[in-house]
Amino acid sequence: MKPKLYLSLTVIIALGMLLSACGSQATPTIDPVVQQATIDAAVAQALQTLMAAQTSTAAAMPTNTSTATNTPEPTFTFTPAATATLFIPTATWIPYTLTPSATATPVAYSCQLLSTSPTAGTKININTDYDASWVVKNNGTKVWEVGYIDLKYISGTKMQTKGDIFDVKTAVDKGGELKLIVDMKTPSTAGKYTATWALMFGEQTLCTLPVDIEAVNP
């Protein structure tokens, strides 16, 4: 209950008691001044009693001595779940080994061109007979027997004056050399001309033989 409400009730009760006491006694008649003084004294006594009661109540109530203390927030320490370890392989030096070059397997029938005449780019007058010749070497593993090796025209300008294929009528041992000659004639028109011949064993080409000349006006 609030103090003001409690005070009011106490005063009212005290006044009621005084009035009740005055009403029960019809006699003698009380002087109004005396009656007012009595009421005032009762009110003052009631106020003193109320104040004393409030003071004792306040003294009996515990004093709030709680002091708010700021509790520091917990400190979190990060601990990694796992530590990755990088493994770097150690390079192993492997010495480089030279691989020998492949060596051609000797074949039974093969030849090597040693020289050509006329040499490439030789100038010869137009409509002039000349000999195309080649020196070849048998670098195969078989002897060139008569009747098995042919000299054959393959492509280019036909400058030969006779046939396009000739039998080689000379046997050539392994490592032996042979000179081949074909009769030719320069064209009637000036210009550069080429042709290709070949030494053949059946359908196998042993080596190719070039012709490269320039026909000029006299």
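The values are calculated or read from the model by the stated rules, or taken from the named source; none is laboratory data. Keep in mind the model is a prediction, meaning the values are calculated, not measured. Positions of Cβ are backbone-derived with ideal geometry, glycine not excepted, and every protein chain shown enters the neighbour counts.
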Exercise for review: Looking for whichever is of a type in the set (A, V, I, L, M, F, W, C), in contact with a Leu (Cβ under 8 Å, 6 or more places away or on another chain) and surrounded by 12 or more Cβ atoms within 10 Å (Cβ to Cβ) here; the options are 182, 143. Which one fits?
Suggested key: 182
**Study point:** the stretch 200-218, residues that are part of a loop (DSSP other than H, G, I, E, B) and at pLDDT 95 or above
**Key:** 217
Point to revise | Unmet criterion (only one of (1) buried (at least 17 other Cβ atoms within 10 Å of the Cβ); (2) in a loop (DSSP other than H, G, I, E, B)) for residue 197 | key: (2)
Check your understanding: Looking at the stretch 199-218, which of its residues are more than 56 Å from the chain's Cα centre (by Cα) and closer than 23 Å to residue 174 by Cα?
Key -> 199, 200, 201, 202
Point to revise | Flag for residue 174 being assigned to a loop (DSSP other than H, G, I, E, B) and within 14 Å of residue 136 (Cα to Cα) | key: yes
